[in-house]
Each structure stands twice: as C-alpha cells, then as structure tokens.
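Have a look at the structure below, then the notes.
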Amino acid sequence: MQWLSGSCLIVILSLGGVQALDASIQTVPAERIKLIKEIQARLNISFQCEFSISIGETRKYAMANSSGIIIVDRAFLESADRGRIFFAIAHEYAHAYLQHDVRLYEHLSKPVGQSPPKNLPEIRRRFEKEADGIAARKAKEMGFPIESILEFILTQPDAEKGFHPDLRAYCKPRERAAYIMAVYQSS
C-alpha cells in the first residue's frame, strides 16, 4: 500500500488489480476503473513514462506530483464524463511530466539576493496554461471530444472570482476555454 502526505484516501491502480484503503472508495464503478486504466496506459505511452493513477479524496478534480503519482478525486470520477476525466488526468500528467512542483519549489527556495524573484502567481498561471495546452493536444490526439471539456470549464464556479488579476493562478474561465479550444483546433 502507498501513503501520501496529507489526509488523502487512495486506491492504487496496477495492472494486477485494485487495492482499496477505504471501503467507501470501493463504490467506484468497474467501468470507471477500466477507463482510468485505459487512460493511464495511453498517457504512459504518449509521455513515455510509468506514472500511476490513484483514486482518492482531493480538494479539486485531480492532482499530481513530480514523482508521477496522479490522484483523481473519487466524487469527480463518479460524476464526470469520459472527456472531462481524460482532460483532468492529462492535465495532471503534464504537471508531473514537466515537474512543475519541483520547479516551483526551486523558485521559492532561492536565497534572498539571488536573481530577483518572479511573481509566484504568474509562474503558476504559466504552468497551468502549459498543462492545459498539453492536455488539449493529447485529447485531440487520442480522440477525446473537446465540447464537454469546454462546457465543464465554463460551467464550474470560478474559484478565484474577485481575485485581483495579478493574484490569479488560473486564467478566467472564458480565457482558459478559448485557449484550450485554440490549441485543440491547431493540433
């Protein structure tokens, strides 16, 4: 069994089956487990990596770290359609593959006096946009429709509504959807 820091409950997906750490996680329908394994296999080939996908409880739809562990939120997995699930996972694969968490940490841990620190939200926005672009290209490449992804982005509440533009980690939903659509269409 594998434990991550924090209070995440996870299910480890492997080619041999599923290990459950919590009985409530076992409610994930078998077809969703099959979908996750299919997406994992296809993205591992595409990214030429061996990342693993776990099902757990997160504060968002999915999350990743640079060691290649992707966690998909159980409630999101149970309610979202194939396209949305694919996009969330592909977006997190991009973060892990590009080691965004390590790069962010390196930026934060520079000694004072070394090169002037960049605006942290600006760096996060760049990483989010980069992950969105890669996920859009992978969606097109692998035949996942963009419509449900765009609808999802446009209909979810803006978690950063009211934030000053310089403090937002994400583009506004309409800007984000337009960017994803442009990348998808140009791929």
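The values are calculated or read from the model by the stated rules, or taken from the named source; none is laboratory data. As the structure is a computational prediction, the values presented were derived from the model and not from experiment. Cβ placement follows ideal geometry from the backbone for every residue including glycine, while neighbour counts extend to all protein chains displayed. We work out accessible area using only protein heavy atoms, side chains counted, and drop any ligands, DNA or RNA first. Shrake-Rupley method; radii C 1.70, N 1.55, O 1.52, S 1.80 Å.
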Go through (1) under 24 Å from Thr155 (Cα atoms); (2) without any contact (Cβ under 8 Å) to a residue 40 or more places away in the chain for Ala80 and report which single condition fails.
(2)
For the range 98-118, state whether one or more residues are aromatic (Phe, Trp, Tyr), under 22 Å from Ile69 (Cα atoms) and open to solvent by 40 Å² or more (accessible area, probe 1.4 Å).
yes
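Do we have Glu160 as of a type in the set (Asp, Glu), under 16 Å from the mean Cα position of the chain (by Cα) and open to solvent by less than 30 Å² (accessible area, probe 1.4 Å) here? Working first, answer last.
Values: of a type in the set (Asp, Glu): yes; under 16 Å from the mean Cα position of the chain (by Cα): no; open to solvent by less than 30 Å² (accessible area, probe 1.4 Å): yes.
Spelling it out, it is not the case that Glu160 is of a type in the set (Asp, Glu), under 16 Å from the mean Cα position of the chain (by Cα) and open to solvent by less than 30 Å² (accessible area, probe 1.4 Å).
Take the range 50-77 and flag every residue that is part of a strand (DSSP E or B) and either on the phi > 0 side of the Ramachandran plot or in contact (Cβ under 8 Å) with a residue 40 or more places away in the chain (or both). Step through it out loud before you land on a result.
First pass over the range 50-77, keeping only residues part of a strand (DSSP E or B): 52-56, 62-64, 69-73.
Result: Ser52, Ile53, Ser54, Ile55, Gly56, Ile69, Ile71.
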Going through Pro173, Pro165 one at a time, which residue ends up being loosely packed, with under 12 Cβ neighbours inside 10 Å and either modelled with pLDDT under 90 or closer than 19 Å to Ile85 by Cα (or both)?
Pro165
Give the residue that is nearest to Ile36 (Cα to Cα), with candidates limited to residues of the range 82-110 that are among the charged types (D, E, K, R) and out of contact with any strand residue (DSSP E or B) (no Cβ under 7 Å at 6 or more places or on another chain).
Arg82
